[in-house]
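Below is one structure, written out as structure tokens, with a few remarks after it.
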């Protein structure tokens, strides 16, 4: 398996622009997570989906952030409008499965580094 | 409130010089404690899950242990390829798998 695939790897944009980050989870994994990593706050969970349904979005910082999972193999995280404080590395992860049971092990993508000028 | 504190923040080791990383945690019921390794420019990579006090797990030069208040990651005779940031995370009983509270990490540099 190719692992969790994220795009773009790097994005530089101007304040006020819309940013869309994309993620393809590992095939067969039912849960998908969006985390954000900054020097100040470390890794923080933004939102997660189970079977394409958003379960917990309490970590989404504000209404400028939205996430969708239209099918089992694709998710997007959108920021509109973007602000300099949104600069961070955004990780997508899916959770391992053993048979019909989640194992708790997260498999992370390589991340999307966002810089908002 | 759940909390994870890792120490030291950074660790510089000579090749072969064994050491331990600490992860202190406060959680309302532990479902699991995780260790991840993160290389620069990469996503975290899963190492271990520990579920109950007294449990130990090993992988090559790494050994993770768990008590009721903290976990240790022991690095025995490290090599330069063990250089990375090591992240500890807790999974409370009240949350679904994957909703983790991460520590800030320990950056380990192993010099030849």
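Dividing the convex hull volume of the alpha carbon atoms of segment B:1-54 by its residue count gives 129 Å³ per residue. Kirkwood radius, segment A:30-73, all distinct C-alpha pairs, inverse of mean reciprocal distance: 11.1 Å. Quote the FRET efficiency, to the nearest 0.05, computed for residue B:18 versus residue A:97 with a Förster distance R0 of 30 Å and r equal to the Cβ-Cβ distance. After rounding to 0.05, the efficiency reads 0.25. D by Stokes-Einstein for chain A, Kirkwood Rh over Cα pairs, 10 °C, 1.306 mPa s: 112 µm²/s. Just so you know, the Rg over Rh for segment B:1-110 is 0.95, from Cα atoms, with Rh as the Kirkwood radius.
Each of A:19, B:109, A:53 has some number of other Cβ atoms within 10 Å of its Cβ, and from fewest to most they run A:53, B:109, A:19. Averaging the Cα positions of each part gives two centres, and for segment B:40-109 and segment A:12-58 these lie 22 Å apart. For chain A, the relative contact order comes to 36 percent (Cα pairs under 8 Å, sequence separation of at least 6). The convex hull around the C-alpha trace of the protein assembly as shown, projected and averaged over every direction, spans 12.6 square nanometres. What is the antiparallel percent of DSSP beta bridges lying wholly in chain B, to the nearest 5? Here the antiparallel bridges make up roughly 90 percent for chain B.
Read the figures in this text as sums done on the coordinates, not as results from a lab. Everything numeric in this text was worked out from a predicted model, so none of it was measured. Note that we place each Cβ from the backbone using ideal geometry, even for glycine, and neighbour counts take in every protein chain shown.
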